[in-house]
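Below is one structure; the comments refer to it alone.
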Amino acid sequence: MRQSISNEYLTGLLFVLPWIAGFFIWILFPLGYSVYLSFCTYDGLTAPLWVGTRNYTRLASDEQFWKSLWNTVYITFIGVPVGLFFSLCLAFALNQKRRGISVYRTIIYLPCLTPVVAMAVLWMWLLNPEVGLVNALLRKTDTFVAAWSAGMLRVPIPGWLNDPLFSKPALILMGLWGAGGTMLIFLAALQDVPLSLFESAEIDGAGWFHKQLHVTLPLISPVLFYNILVGVIGGFQYFTQSYVISSGTGAPQDSTLFYALYLFNNAFPFWKMGYASAMAWILFFITLGISFVVFRLSARHIHYQGE
Amino acid sequence: MPLKRGHLPMISASAAVAVMLVLACALVYTFSGARPATAGGRTQITFWVGWAGKELDVIQRFVDEFNRAHPNLYVKTTSIANSYQKMKIAFAGNDTPDVCATVWTHELADYALRGALTPLDEYIAHSTRRPSDYYPAVWETYKVGNHIYALNQTMITFFMMYNKRIFREEGLDPERPPRTLEEFDDMAWRLTKFRGGDSKGELKRLGFAYGNAFIWSIAFGTPFWNPETRKIGVDCPQTIRCLKWLKSNTDRYNYQRLRAFQSAFGNASSPNNPFISGKVAMILDGDWYRSIIDEYAPADFEYGWFPIPAPPEGRTASTYLMSSMFVIPAASRHKDAAWLLIEWMTSAYVSCNVHVGKSPGGLPSLRAAAAEPEYREPYWQFVSAMLSSPNAMPPPKFPLFERFISDYSRMEDYVLSNVKKPEEAAAELQRNFQTEVDTVFASIGLQDKREK
Amino acid sequence: MTSPPAYKILRSTGGHALLVALSLIFALPFIWLVLSSLKPASQIFEFPPSWIPRPIQWSNYPEALAFIPLIRYTGNTLFLALSGTFGTVLSCSLVAYGLAVVRWRWANALFFVMLTTVMIPPQVTTIPVFLIFKQLGWVGTFRPLVIPAFFANAFFVFLLRQFFKTIPRDLLDAARIDGCSHFEVYWRIVLRLSRPALVVVIFFTFTAYWNDFMGPLIYLNEDSSYTLSLGLQQFLCQHNAKWELLMAASTLMILPVIILFFILQRSFVEGINLTGLKG
């Protein structure tokens, strides 16, 4: 084996070469350029002008920057776990040999394929405070609960996207429709769980839930780790839905102004590419820090068959 | 699964991978190249427009006419799909078309101040076009500093429209729209209907959907910009009066309820348009609304129009001008030909024939064209009067207008939802935005010095 | 623990009922899209909306097809999607193999560098990337859209690496000891055992290319090289938007992707039973 191990250097490099080449061609320069821009004022038209750390110091006193950061932390730490859990449940529900399971899978994945313009109309309607379906249901529940508790308990009827308190929960709720993508990755991972392991657990008389927790979860832990990390990165770059819903304004009262949206606004509509680059690098270090923590926490819990 | 265990030497295996990838890549590279331009020996002028679909077809007809008239030139139109992000990237990459019709009136200062556009003064001086051919306010929109940077076909003008049938139903004279701001507020309240007649209950119809602080601030007299001192003028009694007036009205209707009601408005370009469907009795919008009404309203839809009401100390008959415009980017390779195209596309003939539907989409900016018979009806006469008003206002000529508008509506949202006091919000906008503008001028100034 | 047949039937019907309920909720957006595509213009933005088109306007479909050069746009989109998917799957699986299976010192360090590159928001790299493609003279061609696919995408490399790592190491080592080269292990064992993961990558890449709007918008300047998602914009004139035709065209545009998904996910069921290999 000694011979082949020493050869592994070259082989490894050769396999990874496409990415390394790509890194030097399309990644290194844009990244370096954006570091440089983060110390400049740059509007996209005139040449960048070095201003030192001013972009970074201005960010510290930018009210919208902090708001957008808070909103993003909110969506990442509440929306992402909720979405992950939901997708995992869906994956379990769809990982069975049942008549018509292909159809169910396709349907659950459908919202990920439907164009956002068509979805937006539907969202706006479902969550409309006056005529929306969700509030109609809540009102019914309210009448029922109020009658049952003699008026002691009431169900809140939120203004959803019009209400700064409920606009983010509304977005999270809408995001659940797009759970199909993450579900698909989980589902692919569940295909790899060897049946033999299940069979031995069956003999031990373990219940379904017990089996999933102690047999399946460890086995798919590398993929769970992937989904968590990609979810966190995606949460910090949360953009499209808020852009569509508030047409880029972050209304009401900046409650849907997410980090990537504010960054985009600075980069394009506001002509502040340098400022946006500074924001990008701050985001980079935040994401890096959190990823590192996720790495550390999960190192103990990921079970690689290979190691 | 059977495994074949044939032995391949390491090098050939790795080579196989490399060859496969490179081959595939090369194949795709070859097939994804540029299609040769079909200009046939003519100079090709690239022309970007924001129009699409039927509107694009109409524009293309006039481009074709231009191509026939100029055997040595060939204009190639590209629709950039309503996205101005592509424009900004093209400008940043110095890869602009020769002409574009996609710079909006409020973006003009941003592009012009940064030297990204070709001044048209020389071309205009050598043409038959004269400033006096245009409405003065329109000519003003083309200008940044002392130069003309753009021309256009038709201008969007803002004013009020009202539904005559609802006026009649509520016992108001349909031929007498409100004249003062007070009268306007009273009528708006009177035209509002609640479910079950209870003013605490759900809204059924609005007299007017209060909002759009920016345009109302024009009527209230806010001096937005002083070009001499390069100071914005938002933190002033006029703005504060405007915000307080908006707030007292939205409080009367309850801001949350107002917003909830508005969120159920249909899309403007559809038969469910809230003005056409009678959900709102009076609107503040652009003259382009005419084409919406023609397209979607039932034949018996009766409507009238009136200038934006102003407080006694404000600006009477004020209006705001908006439009996409034709410009020649500084990096254009065929500027003279580009000018020929702009001259043709903004000519009186083209300006009054560009409409898609049966009626004109807007009043031509050239007065000679606006005098054509089809604009003799009262509606266009009124639009013409608005354009001639001394209080017709182009967007203020400071940079970062999009940022400004976004800040302005944030200020409005915060004030109306009772989070910030009008004084506090206006002072904050003034302070923050002034810093932004100062930064832009400082860096443009430094650039100029460095170039000299 | 033997379940009586009656209990089994009950559980199975209960399971179906749950799946049907879930499917109904998830099908809403699509049903909405299809019904909207059959509505007359007056009904599209009706508020509160009605589900059923009155009358059903089949003519939206032929009209939408006549509105844009559909065949040309479909051809362009297919070319981009197929070559992009091919390049992505090939390059990503190779790189992932190099990081997950080959034992060499830099593998983990490189992996971490790769992960960090996806943490920079794409908005700020758009302009520098554009500058590169402009230098290469590729603006206005398909190249900026497809060539980078051959240089691996960090997200998919990460995904495949995680999957490759779930393959039992003993199996791969045994193959190596039996004299298989790395390429053979990659091609004959790892790729075959990771079929569900590859299916996911193929599908995600294909849909991303199929629906991509920003990329083609920025890099394509010729009407003749436009893709479907750019073509859809043609329905949205400034003052005269044809929403019903847009909905019809969108329905047609996502149909092939739905069919593709339906076919691809079937290969999940055929799942690989590792026990057979080990034995």
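The values are calculated or read from the model by the stated rules, or taken from the named source; none is laboratory data. Since the structure is predicted, the reported quantities are computational estimates derived from the model, not experimental observations. Don't worry about glycine lacking a Cβ; one is built from the backbone with ideal geometry, like all the others, and counts go over all protein chains shown.
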Screening A:H210, A:H303 for residues that are surrounded by fewer than 23 Cβ atoms within 10 Å (Cβ to Cβ), more than 21 Å from the chain's Cα centre (by Cα) and modelled with pLDDT of 75 or more leaves only A:H210
Given the conditions (1) more than 29 Å from A:A299 (Cα to Cα); (2) under 22 Å from the mean Cα position of the chain (by Cα); (3) surrounded by fewer than 21 Cβ atoms within 10 Å (Cβ to Cβ), and given that C:A81 satisfies all but one, which numbered condition is not satisfied?
(3)
Please find, within segment C:35-60, the residue that is farthest from the other protein chains (Cβ to nearest Cβ) out of those that are among the β-branched types (V, I, T) and under 27 Å from A:P129 (Cβ atoms).
C:I52
How many of the residues making up segment B:145-175 are small (G, A, S) and surrounded by fewer than 21 Cβ atoms within 10 Å (Cβ to Cβ)?
2
Kindly list, by first and then second residue, each pair from a residue in segment B:397-414 that is at the interface with another protein chain (Cβ under 7 Å from one of its Cβ atoms) to a residue that is surrounded by fewer than 23 Cβ atoms within 10 Å (Cβ to Cβ) and hydroxyl-bearing (S, T, Y), limited to pairs with Cβ atoms under 7 Å and residues at least 6 apart or on different chains.
B:S406/A:T249; B:S409/A:T249
Reported set for segment A:29-63 where residues are of a type in the set (S, T, N, Q) and surrounded by 18 or more Cβ atoms within 10 Å (Cβ to Cβ) is A:S34, A:S38, A:T41, A:T46, A:N55
Give, as residue ranges, the helices (runs of 4 or more DSSP H) completely inside segment C:118-166 that count at least 1 residues that are within 9 Å of chain A (Cβ to nearest Cβ) and more than 14 Å from C:V95 (Cβ to Cβ).
C:122-135
Output the number of residues of segment B:76-99 satisfying the condition of being touching a strand residue (DSSP E or B) at 6+ places or on another chain (Cβ under 7 Å) and within 12 Å of C:N221 (Cα to Cα).
8
Could you look through segment A:6-25, keep only residues that are modelled with pLDDT under 85 and facing chain C (nearest Cβ under 7 Å), and pick out the one that is nearest to C:I127 (Cα to Cα)?
A:G12
Mind listing whichever residues of segment A:35-49 are among the aromatic types (F, W, Y) and modelled with pLDDT of 90 or more?
A:Y36, A:F39
Can you pull out the helices (runs of 4 or more DSSP H) entirely within segment A:28-141 that have at least 2 residues that are more than 21 Å from A:L171 (Cβ to Cβ)?
A:28-37, A:54-60, A:80-94, A:101-109
Scan of segment B:73-110 for residues that are within 10 Å of another protein chain (Cβ to nearest Cβ), part of a helix (DSSP H, G or I) and aliphatic (A, V, I, L, M), ordered by number:
B:M87, B:I89, B:A90, B:A92
Just to be sure I understand, how many residues within segment B:365-378 are in contact with an Asp or Glu (Cβ under 9 Å, 6 or more places away or on another chain) and surrounded by fewer than 20 Cβ atoms within 10 Å (Cβ to Cβ)?
2
Which listed residue, of B:M155, B:M160, is farther than 30 Å from B:G445 by Cα and in contact with a Gly (Cβ under 7 Å, 6 or more places away or on another chain):
B:M155
I'm checking my understanding of the structure. Among residues of segment B:266-280 that are hydrophobic (A, V, I, L, M, F, W, C) and touching a residue at least 40 places away in the same chain (Cβ under 8 Å), which one is nearest to B:G201 (Cα to Cα)?
B:V280
Tell me the residue from C:I202, C:I258, C:I263 that is within 7 Å of another protein chain (Cβ to nearest Cβ), at pLDDT 85 or above and surrounded by fewer than 23 Cβ atoms within 10 Å (Cβ to Cβ), please.
C:I258
At least 1 residues that are on the phi < 0 side of the Ramachandran plot, out of contact with any Ser or Thr (no Cβ under 9 Å at 6 or more places or on another chain) and among the small types (G, A, S) in each: list the helices (runs of 4 or more DSSP H) lying fully within segment A:230-307 that qualify.
A:273-299
Select from segment A:154-191 the residues that are over 30 Å from C:F206 (Cβ atoms), among the aliphatic types (A, V, I, L, M) and assigned to a helix (DSSP H, G or I) and write down the one among them that is farthest from the chain's Cα centre (by Cα).
A:L161
Options B:E295, B:E302, B:E374; residue that is under 22 Å from the mean Cα position of the chain (by Cα) and over 28 Å from B:F224 (Cβ atoms)
B:E295
Evaluate segment A:230-244: report whether one residue or more is more than 17 Å from the chain's Cα centre (by Cα) and more than 27 Å from A:P164 (Cα to Cα).
no
Mind checking which residues of segment B:392-443 are surrounded by fewer than 18 Cβ atoms within 10 Å (Cβ to Cβ) and farther than 30 Å from B:P307 by Cβ?
B:N418, B:V419, B:K421, B:E424, B:A427, B:R431, B:N432, B:Q434, B:T435, B:D438, B:F441, B:A442
How about segment B:151-206: which of its residues are free of Cβ contacts under 8 Å to residues at least 24 places away in the same chain and among the basic types (K, R)?
B:R168, B:R176, B:R190, B:K193, B:R195, B:K200, B:K204
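Matching residues to (1) among the hydrophobic types (A, V, I, L, M, F, W, C); (2) touching a residue at least 24 places away in the same chain (Cβ under 8 Å); (3) closer than 21 Å to B:P136 by Cα:
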{"residue": "B:D287", "(1), (2), (3)": "no, yes, yes"}
{"residue": "B:E295", "(1), (2), (3)": "no, yes, no"}
{"residue": "B:A310", "(1), (2), (3)": "yes, yes, no"}
{"residue": "B:L321", "(1), (2), (3)": "yes, yes, yes"}
{"residue": "B:V327", "(1), (2), (3)": "yes, yes, yes"}
{"residue": "B:A338", "(1), (2), (3)": "yes, yes, no"}
Conditions first: (1) in contact with a Leu (Cβ under 6 Å, 6 or more places away or on another chain); (2) touching a residue at least 40 places away in the same chain (Cβ under 8 Å); (3) at the interface with chain A (Cβ under 8 Å from one of its Cβ atoms). C:S93 passes all but one, so which condition is the exception?
(3)
What residue, among those in segment A:66-78 that are more than 14 Å from chain C (Cβ to nearest Cβ) and buried (at least 21 other Cβ atoms within 10 Å of the Cβ), is farthest from the chain's Cα centre (by Cα)?
A:N71
